[in-house]
1. Hey, does region 323-343 have a residue that's more than 27 Å from K360 (Cβ to Cβ), assigned by TED's automatic domain parsing to the domain that holds G362, among the polar types (S, T, N, Q) and touching a residue at least 12 places away in the same chain (Cβ under 8 Å)?
2. Within region 208-248, how many residues are within 15 Å of V188 (Cα to Cα) and in a helix (DSSP H, G or I)?
3. Does at least one position in region 90-106 carry a residue that is at pLDDT 90 or above, within 30 Å of L388 (Cβ to Cβ) and either in contact with a Cys (Cβ under 9 Å, 6 or more places away or on another chain) or assigned to a helix (DSSP H, G or I) (or both)?
4. Could you list all residues from region 48-75 that are more than 22 Å from N139 (Cβ to Cβ) and at pLDDT 90 or above?
5. Please specify each residue of region 93-150 satisfying the condition of being acidic (D, E) and more than 20 Å from F42 (Cα to Cα).
6. Cβ-Cβ under 8 Å, sequence separation 6+ or interchain: first residue in region 266-295 and within 20 Å of E248 (Cβ to Cβ), partner of a type in the set (D, E, K, R) and part of a loop (DSSP other than H, G, I, E, B). Which pairs?
7. Tell me the residue from L120, L129 that is assigned to a helix (DSSP H, G or I) and among the hydrophobic types (A, V, I, L, M, F, W, C), please.
8. All but one of (1) touching a Lys or Arg at 6+ places or on another chain (Cβ under 6 Å); (2) crowded, with 19+ Cβ neighbours inside 10 Å hold for D242; which doesn't?
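The values are calculated or read from the model by the stated rules, or taken from the named source; none is laboratory data. None of the values given here were measured: they were computed from a predicted structure. All Cβ positions, glycine included, derive from the backbone under ideal geometry; neighbour counts span all protein chains shown.
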Amino acid sequence: MFDLVDLLKTDSPKEEQEEKITTVLFHQTEECKNLVEEAYRFEGISAPAVLENTDADIRKHIRESTIEIVIVELNVSDDVTKDMQQISHLLPNHASVIVIGSEDAISTIRNLKDMGFYYLFWPVTKPELIDFVRNVNDNRHRNSGLGKSRSAKKVAVVGGKGGAGASLLAVEMAYELTNKKDSSCVIVDHSFIGGNLDILLSMKRFKKRSISPGALSANLDLSYAQSMTTTVNPMLSLLSVDSDELNETQLKEYTRALATQLSDQNNFIIEDLSWSSFQKSDLEYMASECDIVVLVVEPTVSCLRSAASVMMNMETLNSTARFITVLNYTMPEKTATVTKQDVVKFLKQPIDVVCPYEPKIGEWILGGKRVGDSKLSISESIHALTALLLGESLEKSKPNIFKKLFKKA
């Protein structure tokens with residue numbers, strides 16, 4: 001006898017497996033939030049994480065290694081390009097980013113494309129949104145599209161002479177970027193004999209990573225590059241290598257190759273180019289590879305001359321890097337041999353940040369404390385330098401950028 005009940009029990013179709021595209025949404029309006037959630041639900045795609053407007057939630061979700069797609073709604077933005085520039089350092093390079101906005105301009109699409117972001121014009125229908133998301137996801141799996149062009153901003157920190165304070169400022173910027181700006185950073189050590197980055201980073205029993213003799217002929221990949229770094233905190237690591245077999249030129253080339261691998265997984269690569277190990281090849285590297293050059297000058301004739309030489313060579317090499325000039329008083333201002341006006345005149349560009357003389361800074365560092373977190377007068381200069389690095393204005397007490405961009409309608 002034909003048993004319909006048994007047939008239904010044995011041959012009932014299995015539940016359709018949910019399509020998995022791990023997504024996080026930053027929204028400004030309920031309309032956009034509802035459309036994204038409904039579209040994903042209707043198509044059977046795993047629901048996106050929708051972030052509340054708190055730094056804690058942003059930090060918790062945005063750095064998840066499983067995130068594939070980040071959707072940023074900027075329908076309430078006055079300037080989509082500017083707002084994305086201000087938050088780009090918070091977005092992990094491994095994720096593809098879709099910006100939803102109502103700004104109808106070719107320049108917006110072009111600018112976001114240059115930054116490695118997709119742009120979806122609002123209003124959009126649910127099928128249009130899902131088609132767009134799936135195309136972006138397909139690009140990810142084929143390792144093509146805009147996402148693969150996003151890599152870390154390379155920042156060279158150069159002192160006009162040894163002892164100008166370049167290493168200290170490189171470390172303090174990195175701490176601010178990781179602890180206060182939620183950006184992932186790698187500090188690259190170019191001092192292959194000695195150096196004091198471990199002291200500035202309060203790292204105990206630190207030892208540089210040793211490069212094996214056959215390493216130059218081996219293929220470099222991300223996993224190996226990461227194994228050559230030392231973790232400082234979850235968002236900050238130090239790349240510092242040494243070798244008994246390689247000369248300084250080979251060490252520099254190898255270090256740069258490692259940094260290139262690491263740039264795909266970090267927001268910033270901060271190169272501490274100590275003047276004691278500075279070479280002509282460093283100028284060529286800065287001109288062709290670095291996005292920003294922080295030039296640290298102390299108020300002495302010798303330092304000013306060296307700094308001017310760096311700028312002249314960068315101009316000759318047609319560098320497109322953005323310069324940030326820091327005047328660092330490593331001595332009381334009254335004992336300085338050059339004035340601020342002399343620095344501006346000689347370098348032919350304004351001073352962006354002035355770091356005042358601080359006699360207790362050595363004691364503070366040796367105590368394992370962060371200068372940027374202190375009440376020392378130089379801390380404000382460090383905050384200003386980090387803000388300039390991110391392209392932020394130096395106006396007082398601006399609201400958190402995420403609170404501005406993603407507040408609920």
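1. no
2. 4
3. Checked against the condition, which is being at pLDDT 90 or above, within 30 Å of L388 (Cβ to Cβ) and either in contact with a Cys (Cβ under 9 Å, 6 or more places away or on another chain) or assigned to a helix (DSSP H, G or I) (or both), region 90-106 yields at least one hit.
4. Once the filter is applied, which keeps residues that are more than 22 Å from N139 (Cβ to Cβ) and at pLDDT 90 or above, region 48-75 yields only N75.
5. Filtering region 93-150 down to residues acidic (D, E) leaves 103-104, 114, 128, 131, 138.
Of everything in region 93-150, those that are acidic (D, E) and more than 20 Å from F42 (Cα to Cα) turn out to be E103, D104, D114.
6. W275/K161
7. Details: L120 fails: assigned to a helix (DSSP H, G or I).
L129 is the lone residue from the list that is assigned to a helix (DSSP H, G or I) and among the hydrophobic types (A, V, I, L, M, F, W, C).
8. (2) is the only condition that D242 fails.
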